[in-house]
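Throughout, read-outs are computed from the coordinates displayed, never taken from laboratory work. All figures in this text were calculated on a predicted structure; none of them were measured in a lab. All Cβ positions, glycine included, derive from the backbone under ideal geometry; neighbour counts span all protein chains shown.
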Amino acid sequence: MGDVKKWGSEDFWGLGYEFDPQWLLTPAQQEIQEKLIALCHSTLRENAIESDKQLLFPRKNFEALAEQGLLGLLVPKELGGLGENHVAAAMVVETIARYGCPSTAMCYTMHIGAVAAAMLRYHESDVIQDIMRRIDSDCLVGTLSYSDPETGSHFWYPISSRAERAEDGWKVMKKASWTTSGGFADWYIVQTTSPDFAGDYSNLSCFLILGDEILSDPANWDGLGLRGNQSGPIKVDDVTIPEERLVGPVGDGASSNDEAVDPFFLLCSSSCWNGISMGLIDIAKRHTTQKKHVDVGMRVCDYPTIQDYVGEAIIDTNTARALVFQMAQGMDKVTDNCDWSIHADTSVLPRADMLHWMWQVKFAAAKNVAHVSDKMLHACGGTGYKPALGIERYLRDGKAGWVMGPTNEVLRQFVGKSALLGFDSLDYWNQSVNERVLHNEIKKLDTEAKKKLAEELLAE
Ligand SMILES: Cc1cc2nc3c(=O)[nH]c(=O)nc-3n(C[C@H](O)[C@H](O)[C@H](O)COP(=O)(O)OP(=O)(O)OC[C@H]3O[C@@H](n4cnc5c(N)ncnc54)[C@H](O)[C@@H]3O)c2cc1C
């Protein structure tokens with residue numbers, strides 16, 4: 001790889017490799033990155049404008065990514081994939097978001113999450129192995145469908161979904177309020193309560209659902225940013241699927257969340273937000289170094305204020321990137337470089353122990369992109385406010401970072417609460433009683449009210 005970052009036949013107009021942590025990438029990963037930047041130049045970035053304007057799912061970009069083998073980035077070489085690791089996944093998403101198309105980067109994030117959930121339990125599954133073998137040749141886009149209309153950003157709580165045993169397999173009902181690539185993906189990993197569900201919402205199972213088994217209404221999708229990512233509601237309406245489409249054992253949902261879906265979503269979505277931040281800084285560099293104020297004979301970049309904006313944005317973004325890549329390396333270390341064969345023993349869940357670090361990764365990247373997009377808009381002035389420069393689109397795309405589940409409100413509470421009260425206090429499925437609150441409230445009742453409450457409880 002050359003030392004100079006290229007944009008087509010010319011030198012790249014944004015920040016060069018001197019501000020990228022290139023030393024973290026293997027030679028093979030640097031080659032993937034270089035080819036991908038070239039693809040962003042020739043194809044992805046132009047399509048991003050079209051996707052944003054017309055709410056168009058970036059299928060053309062996925063076809064281009066598939067030609068480079070990137071849909072199978074994490075698929076082992078023996079199944080025809082690139083056999084890459086967590087660092088590569090973070091780098092690829094960041095590169096797509098920064099130089100190409102943030103909507104594509106988010107759809108790719110969900111694809112990687114779905115690949116991870118499937119690969120976690122691919123060992124004895126012919127149907128998963130078949131998809132993985134054809135993932136690039138047939139451009140098979142995957143996604144995750146978790147969020148439930150009744151529980152909002154508590155996406156681990158699928159209250160309005162269920163699965164039952166059927167004669168030849170499973171009958172699955174899934175109502176999802178948001179699904180990236182919804183209606184456009186070729187395969188979906190969906191989570192419902194388990195077929196043996198008896199009221200315990202931590203008893204979850206995952207199913208593989210194919211594109212023609214879901215109901216969606218893409219025409220109704222609209223959003224502030226990431227407009228090409230088509231995150232509309234979908235429904236799997238009591239569809240009967242074959243036995244083998246259960247992903248992992250019955251009741252594997254919580255383990256699958258902690259070991260595959262959450263770590264990869266948090267890693268890759270954070271890389272998307274960092275890519276958007278870097279993309280904004282790139283645009284601001286190009287604009288402020290070209291725009292002149294004739295009266296004072298200065299370019300915008302000559303003002304110390306603008307230099308401070310850019311300096312702070314680079315420092316903050318590289319802090320967020322450093323945490324992403326540190327955790328990617330950490331997960332590579334505990335999984336023998338993302339070797340899926342270690343999970344043949346279903347109790348091997350090394351990423352799950354790092355989840356509270358991944359919460360921090362996403363919080364930092366999503367918080368940063370909101371700040372950086374604001375400051376790069378300020379640095380570019382009124383010209384940045386107009387769509388033509390590209391700042392405006394990246395700013396809208398970056399806004400999804402904070403609100404996507406797990407939202408930043410939820411994450412900072414997870415981190416603070418677990419640090420102060422222990423991990424059990426998080427009580428994802430609303431099962432443990434807060435005795436302190438209970439007694440405090442009862443203390444406020446007078447004797448008569450206590451008696452009434454006791455009678456009501458006894459009657460129950
Ligand atoms: C672009 C985009 C793509 C998406 N793609 C997918 C996808 O592919 N698959 C998928 O399953 N989902 C997806 N989602 C859904 C996402 O993960 C959330 O489920 C969704 O954004 C929740 O929206 P809501 O309006 O229900 O928020 P609400 O849950 O109603 O949140 C409203 C506010 O309450 C806060 N809040 C919620 N719970 C708590 C709490 N316990 N403590 C403190 N504050 C709290 C929130 O942080 C927020 O500020 C996507 C969302 C977006 C924006």
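For His293, neighbours were defined as the other residues whose beta-carbon sits under 14 Å from its Cβ, and their charges (Lys and Arg +1, Asp and Glu -1) total +1.
Entry for segment 310-394 at q = 0.17, 0.19, 0.23 Å⁻¹: log10 I(q)/I(0) = -0.76, -0.85, -1.04, Debye formula applied to identical alpha-carbon scatterers, no solvent contribution.
Under the membrane-span-like helix rule (DSSP H runs whose alpha carbons stretch at least 24 Å along the helix axis, mean Kyte-Doolittle hydropathy -1.0 or higher), the chain yields 102-120, 262-290, 304-334, 355-385. When the listed pairs Lys6/Lys367; Lys5/Lys35; Lys291/Lys399; Lys362/Lys399 are checked against a 18 Å cut-off, the alpha-carbon distance exceeds it for Lys6/Lys367; Lys291/Lys399.
How big is the Rg/Rh ratio for segment 398-460, C-alpha atoms only, Rh by Kirkwood, two decimals? Kindly include the intermediate steps, with their values, before the conclusion.
Numbers: Rg = 17.8 Å, Rh = 14.8 Å.
Radius of gyration relative to Kirkwood radius: 1.20.
The orientation-averaged projection of the convex hull spanning the C-alpha atoms of segment 197-309 amounts to 12.3 square nanometres.
I want the local charge near Ile49. Using Cβ-Cβ distances under 15 Å, sum +1 for each Lys or Arg and -1 for each Asp or Glu among the other residues. So the environment of Ile49 carries a net charge of +2. Here the label points at Glu164 and Asp302, each 7 Å from Cα along the C-beta direction, are separated by 7.6 nm in the simple model.
As a proxy for reagent exposure, Tyr188, Tyr146, Tyr303 were ordered by neighbouring Cβ count within 10 angstrom, fewest first; the result is Tyr303, Tyr188, Tyr146. Overall, the ratio between the Cα radius of gyration of segment 149-224 and 2.2 N^0.38 Å, rounded to two decimals, is 1.16. Eigenvalues of the alpha-carbon gyration tensor of the chain, scaled by 5 and square-rooted, set the equivalent ellipsoid semi-axes at 39, 28, 20 angstrom, largest first. Sorting the segments 352-359, 212-219, 267-274 by their mean number of nearby beta carbons within 10 angstrom, highest to lowest, gives 267-274, 352-359, 212-219. Of the residues His293, His86, the one with the fewest other Cβ atoms within 10 Å heads the list, and the complete ranking is His293, His86.
Legend: Rg and Dmax of segment 20-164, from Cα coordinates, 16.2, 50 Å.
Peptides 95-103, 223-231 ranked from most to least packed, by the mean per-residue count of other Cβ atoms within 10 Å: 95-103, 223-231. Dividing the summed -39500 (n - 2.57) terms of all DSSP H runs of n ≥ 4 by the residue count of the chain sets its mean residue ellipticity at 222 nm at -15000 deg cm²/dmol. For the chain, the share of DSSP beta bridges that are antiparallel, to the nearest 5, is 90%.
What list do you get for Arg412, Arg286, Arg121 if you sort them by fewest beta carbons within 10 Å?
Working: Arg412 14, Arg286 17, Arg121 23.
By the 10 Å Cβ count, ascending, the order reads Arg412, Arg286, Arg121.
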